[in-house]
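A quick write-up on the structure given underneath.
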Amino acid sequence: MSLESQIRDLARSVGYAVCRFTTAAPFEDYRQALEDRRRQFPEAADLYAAMRGRVDPRGNAPWVRSIIVAVRDYGKYALPAGLAGHIGRNYLADRRIAACPDSTMPKRMKEGLIALGCRVKAGGVPCRAAALRAGAVRIGRNGFAFTREHGSWINVEAWRVDAVLAPDEPDPEPLCPPDCRACQDACPTRALIAPYVTRMDQCVAYLTYGASEPVEAGLAAKMGGWVYGCDACQDVCPLNAGRWRDEQQAPWLEAAADRLTPEALAGMDESTYRNVVRPLFWYIPDTAEGLARWQANARRACGVCAVGVAEERA
Ligand code: SF4
Ligand code: SF4
């Protein structure tokens, strides 16, 4: 059996939905996109500069010959009611959560590759660009990676290896319907300023956990009911219709669900933050300031929720 076939079998056995290969050539389109964004949005230049190291897969590992990309499908999980719409689904089903059954997938993949005789380094490349070049995904105008079967409810992982693997071809089919701009229209802060162009410093996800505080009032007023992350541009996408499948239970969320509503988060105490919330979501630090940020995000979201309920009742 070829090494390529053995690696695909390994990925399937580990739980990945798709596995494909590309070369170790530098990602010139990605380099150009970073440069364009840096010029276009100098105020966010640091965010883009931090990504430059991923352009050349051989930059810090000259022995790399190929890149393996694999797709994890998290739309298989049944999410407890009341959480989607406030916490991004990607974070709810984050495979880095220790209790998530997918948490060991990258480690098992890497161990399997070593057992097949490969020298391996995980990550270190622009995963979506690598998956696009390998034909594992296509990119939507909202900037997310999609597969036909799973929509954008996926994560892409990549490994650099010393083996020369036959590269797969990109998928030539266009993805988005020609006239669709539902994602841009749904973006609450207008961070999606043009097809494929997201202003990271105005994206609600970044504003909830990464931006300096306080978030500028005009932007904060547009953030809606989101406490942590944002799915607005994925929720409205027609390519995601019917792609969330609810096939597997998510017990790590069920146990915590009543403490993850905006109302509960707004009033949570330090013990709940440390023992329930922080082990699930860790982009906000485990400090008093971190707890205050969660509470402020949740209070803002509750204000929006209360307005929404009042409008519904009127
Ligand atoms: S995640 Fe939310 S804020 Fe960010 S681009 Fe999508 S809709 Fe806009
Ligand atoms: S909402 Fe429309 S334009 Fe945006 S990613 Fe989905 S199909 Fe493409």
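Any read-out appearing in this document is the output of simple, stated calculations on the displayed coordinates, not a laboratory observation. All values derive from a computational prediction rather than experimental measurement. For neighbour counting, all protein chains shown are included, and Cβ atoms are generated from backbone atoms with ideal geometry for every residue, glycine included.
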## Note on the structure
Simple spin-label estimate for Val276/Arg299, 7 Å along Cα→Cβ, in nm, reads 1.9
### Task
For Ala221 paired with Arg119, estimate the spin-label separation in nm (one decimal), with each label point 7 Å from Cα along the Cα-to-Cβ line.
5.8
#### Entry: Local net charge near Pro106, Cβ-Cβ under 14 Å (Lys/Arg +1, Asp/Glu -1)
+4
## Note on the structure
Lys and Arg at +1, Asp and Glu at -1: neighbours of Asp9 with Cβ under 15 Å from its Cβ sum to +2
### For region 182-313, radius of gyration divided by Kirkwood radius, i.e. Rg to Rh on alpha-carbons
0.97
### Query
Ignoring the sites themselves, what is the longest stretch of the chain with no chymotrypsin sites (Phe, Trp or Tyr not before Pro) in a DSSP loop and at most 16 other beta-carbon atoms within 10 Å?
64-195
### Summary
Taking the alpha-carbon centre of each part, the distance from region 181-203 to region 1-76 in Å is 23
### Message
Report the gain in length on full extension from Glu213 to Glu289: 0.36 nm times residue separation, minus Cα-Cα distance, nm rounded to one decimal.
### Response
26.3 nm
### Query
For the chain, max minus min Cα coordinate along each principal axis, in Å, sorted largest first?
64, 42, 37
### Summary
The summed charge of the Ala61 Cβ neighbourhood (under 13 Å; Lys/Arg +1, Asp/Glu -1) stands at +4
### Query
With springs only between Cα atoms under 10 Å, which of Cys203, Cys118, Cys187 fluctuates most in a Gaussian network model of the chain?
Cys118
### Message
If each residue of separation counts as 0.36 nm, what is the full-extension length gain between Asp9 and Ala99 once their alpha-carbon separation is subtracted?
### Response
29.9 nm
### Summary
Dividing the helical contributions, -39500 (n - 2.57) per DSSP H run of n ≥ 4, by the residues of the chain yields a 222 nm value, nearest 500 deg cm²/dmol, of -9000 deg cm²/dmol
### Summary
Between Gln248 and residues 5 or more places away or on another chain, the pairs with built amide H atoms under 5 Å apart involve Tyr77, Ala78
### Message
Could you list Glu213, Glu157 so that the one with the fewest beta carbons within 10 Å of its beta carbon is first and the one with the most is last?
### Response
Glu213, Glu157
### Message
Residue by residue through region 220-233, what is 3J(HN,Hα) from phi via Karplus (6.51 cos²θ - 1.76 cosθ + 1.60, θ = phi - 60°)? Round to whole Hz and write x for glycine and proline.
### Response
4, 5, 9, 7, x, x, 7, 9, 8, x, 6, 10, 3, 6
